[in-house]
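Quick notes on the structure that follows.
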Amino acid sequence: MLAALLPGLRDLRAPVAAGYLWLFGLWLVFAPHLEPSAHPTGVVHDVVTLGSAAGRAAVTAAVTFAAYLVGVVSIAANPLINRLGNLLAATRLRRFMPRAQWQRVRATIISLVYLRIDERFLADGVIRAETARRLHAVQVAAGAHGTTLAAGFEADPDIVIEQARTIPAVRARLLDALLDTADPQEECRLDLLRTPVRIVGREADIYAAYDRYRAEYELRMGLVLPFTFLIGTLAVTANPWWTAGIFVSAILLYLGVAANIQASTVLTESVGARRIDLPTLERLATHDLPWRDENGVLIHLAEQ
């Protein structure tokens, strides 16, 4: 029963925590203007009367519900806050942001794409024959343009293919030249975003690990705006030294971005361990590969 309640509690804690921070900050702003004695009639008087009649438990429930509603609206800004974190990661502040972790996620996606292509090259004679044919076409195009191919690409295609079968470095260089993997990599990234929906109910342990990090991401990012507002309010109404608390907001932003990255890492590592698969990787194992044309290969080699 507790296990069934935990996901619901995780869904509630972020908006409730954010909402309470917003309400506390707003109370600091408006409390001096809401003295009951200054409002013998009107809305303020009616609210105070209602609260007194309802009792503490009812007031607590009402405030919590209000905090939840305010928090839900605040949490909706999480993608914008996450985008701010990514923008900061592209500036000189990147040394303070978990950008290296994002780079590892991207590097994992790239390696997964190349690994699937590499496996197909070794297992499929048709792909090796197509690779030889395309390498020959590149050699012909290079001769027609008077271009000198890099070492390893000017030999007889059959010899190059045999070398590629036994030497991983030759194979990686050959496939990198002949194949344009930019689109499959982007498609894998989009597949990764859709993966949580696909694995619900099928890979419960993977989804649970992913969901824990996502819950931490939502909580930390959801607290950035209201905590910043609270610090600003305290700095204006109490003491300017409260502005030092902005560093806490920065830490929450950092930890939120890091938790989101960890959630993605759970998925990429699960794909690498063959616990789950991505549709794009499945297509690379069975469908046409993203070959470059001859001119595209020559341009790619010239840029190396």
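Pairing residues of the stretch 141-154 that are touching a residue at least 40 places away in the same chain (Cβ under 8 Å) with residues that are open to solvent by less than 40 Å² (accessible area, probe 1.4 Å) and β-branched (Val, Ile, Thr), at Cβ distances under 9 Å and at least 6 apart in sequence or on separate chains, gives ALA141/VAL297; ALA142/VAL297; LEU149/VAL138; PHE153/VAL138; PHE153/VAL160; PHE153/VAL297. Residues that are of a type in the set (Phe, Trp, Tyr) and over 27 Å from the mean Cα position of the chain (by Cα) within the stretch 108-130 comprise just one, PHE121. Consider the stretch 46-87 and keep the residues that are within 25 Å of the chain's Cα centre (by Cα) and modelled with pLDDT under 65. The one that is most open to solvent (accessible area, probe 1.4 Å) is LEU87. Taking the criterion of being touching a Gly at 6+ places or on another chain (Cβ under 9 Å) and exposed (fewer than 15 other Cβ atoms within 10 Å of the Cβ), the only residue of the stretch 244-295 that qualifies is ILE246.
Taken over the stretch 69-78, the criterion of being part of a helix (DSSP H, G or I) and touching a Leu at 6+ places or on another chain (Cβ under 7 Å) is satisfied by VAL70, SER74. Is there a residue in the stretch 272-282 that is of a type in the set (Val, Ile, Thr), in contact (Cβ under 8 Å) with a residue 60 or more places away in the chain and outside any helix (DSSP H, G or I)? Looking through the stretch 272-282, at least one residue is of a type in the set (Val, Ile, Thr), in contact (Cβ under 8 Å) with a residue 60 or more places away in the chain and outside any helix (DSSP H, G or I).
The values are calculated or read from the model by the stated rules, or taken from the named source; none is laboratory data. All figures in this text were calculated on a predicted structure; none of them were measured in a lab. When we count neighbours, we look across all protein chains shown, and the Cβ atoms used for this are built from the backbone with ideal geometry, even at glycine. Heads up: the accessible areas ignore ligands, DNA and RNA and are worked out on the full protein's heavy atoms, side chains in. Shrake-Rupley method; radii C 1.70, N 1.55, O 1.52, S 1.80 Å.
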